[in-house]
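Notes to accompany the following structure.
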């Protein structure tokens, strides 16, 4: 099949794109990397009267740092995130999550903002944003607002972005001394969407005991989910802590679903394994400095 007919727009500035979105409202869709939207349009599961292409706006592909944070434009390619040494050093969890996304052909075109706005609950970037308490910059023709990752994802393939608005940048806190990061997931084969996975950030003190943590799981519901009871149980964990027992707590916090690929009980059981693996790696890195 082929997409239904639409009007194509190629703005060169953010303001021009926002004016188009304001003018056409619900009849407009934005094109980022197109790795999800284009296939849906091709089989006519998604239709739009106006397609606004963001690939012609250089300002959306900028990366900058200030005040202990890294700002990543929504049109920064996944391949850039995967290979940029600055991102690897300052926001390592974002860089480490990227090779898990599809295959390199997908990452060549896919964007960080496109993945976040698409809000697939089995995707890596939404969980990373949640684990790092990322801030989402959302602009419209009349205003700019900032939303936390916790409030950004509202449901299955659903975010707080409203008609006429555009996700323009994502701000991540940069790595601090004593922090460690890891991501672990299970999929049917490499490149498939995760059946279940975990993105983790931990911080330790000079004795190696955990002082704070953030554990975000994906593939376990309609949105990525922080397992706060597991995070609390991890506080104070030292060299002798039973990480397997702590990770098992996560299974009590989840209410996953059955589908063609895995049962809810499988996701709970294997999800706890991904938590243990991610925590083991993140804590080891934090203690090694």
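Going by average Cβ neighbours within 10 Å, how do the peptides 156-166, 131-141 rank, with the highest at the top?
Sorting 156-166, 131-141 by mean packing, highest first, produces 131-141, 156-166.
Quick one: if you stick a label point 7 Å off each Cα along the C-beta vector at residue 104 and residue 156, how many nm between them?
It is 3.5 nm.
Under a crude label model (7 Å from the Cα following the beta-carbon direction), how far is residue 288 from residue 53 in nanometres?
4.5
Quick one: plug the Kirkwood hydrodynamic radius of region 204-289 (C-alpha pairs) into Stokes-Einstein at 4 °C, 1.567 mPa s, and report D in µm²/s.
D = 97 µm²/s.
Take the alpha carbon atoms of region 275-289, find their center, do the same for region 69-134, and report the distance between the two centers in whole angstrom.
Value for the Cα centre distance between the two parts: 21 Å.
Which of 27, 240, 258 moves the most in a Gaussian network model of the chain with Cα springs under 10 Å?
Of 27, 240, 258, the most mobile in the Gaussian network model is 240.
Going by average Cβ density within 10 Å per residue, which order do the peptides 88-95, 145-152, 201-208 take, highest to lowest?
Taking the mean over residues of other Cβ atoms within 10 Å, the ranking is 88-95, 201-208, 145-152.
Students often get this wrong, so try it: which of [x] 19.5; [y] 23.6; [z] 20.8 is Kirkwood radius over Cα pairs in Å as calculated from the structure shown?
Here the calculated entry is [x].
Pairs of Cα atoms under 8 Å, at least six residues apart: use those to get the relative contact order of region 117-224, whole percent. The partial results should precede the final answer.
Details: 220 pairs, mean separation 34.7, N = 108.
Value for region 117-224: 32 percent.
Between 273, 52, 38, which gets the highest mean-square fluctuation from a Gaussian network model of the chain, Cα cutoff 10 Å?
Among 273, 52, 38, the largest GNM mean-square fluctuation belongs to 38.
Based on the mean of other Cβ atoms within 10 Å per residue, sort peptides 117-126, 223-232 so the most packed one is first.
The densest-packed peptide leads the list: 117-126, 223-232.
Once you put a point 7 Å from the Cα of residue 238 and another 7 Å from the Cα of residue 7, both along the Cβ direction, what distance in nm separates them?
The modelled label-to-label distance comes out at 6.9 nm.
At 0.36 nm per residue, and after removing the present C-alpha to C-alpha distance, how many nm does the segment from residue 148 to residue 187 gain when stretched out fully? Intermediate results must be reported in sequence, preceding the final value.
Numbers: separation 39, 0.36 × 39 = 14.04 nm, distance 2.81 nm.
Additional length available on full extension: 11.2 nm.
How far is helix 264-288 tilted off the main Cα axis of the chain, in degrees rounded to 10, range 0 to 90?
Compared with the principal axis, the helix lies near 70 degrees.
For residue 209 and residue 86, what does the FRET efficiency come to when R0 = 25 Å and r is the distance between their Cβ atoms, rounded to the nearest 0.05?
In this case the efficiency is close to 0.25.
For the Cα atoms of the chain, what angle does the longest principal axis make with the long axis of helix 14-24, in degrees from 0 to 90, nearest 10?
With rounding to tens, the tilt is 70 degrees.
Do you know the relative contact order of region 179-288, to the nearest whole percent, from alpha carbon pairs under 8 angstrom that are 6+ apart?
It comes to 34 percent, rounded to a whole number.
Bear in mind these aren't lab numbers, they're just calculated from the coordinates by the rules spelled out. A quick note: this is a predicted structure, and the numbers were derived from the prediction, not measured. In this analysis, Cβ positions are derived from the backbone assuming ideal geometry, glycine residues included, and neighbour counts consider all displayed protein chains.
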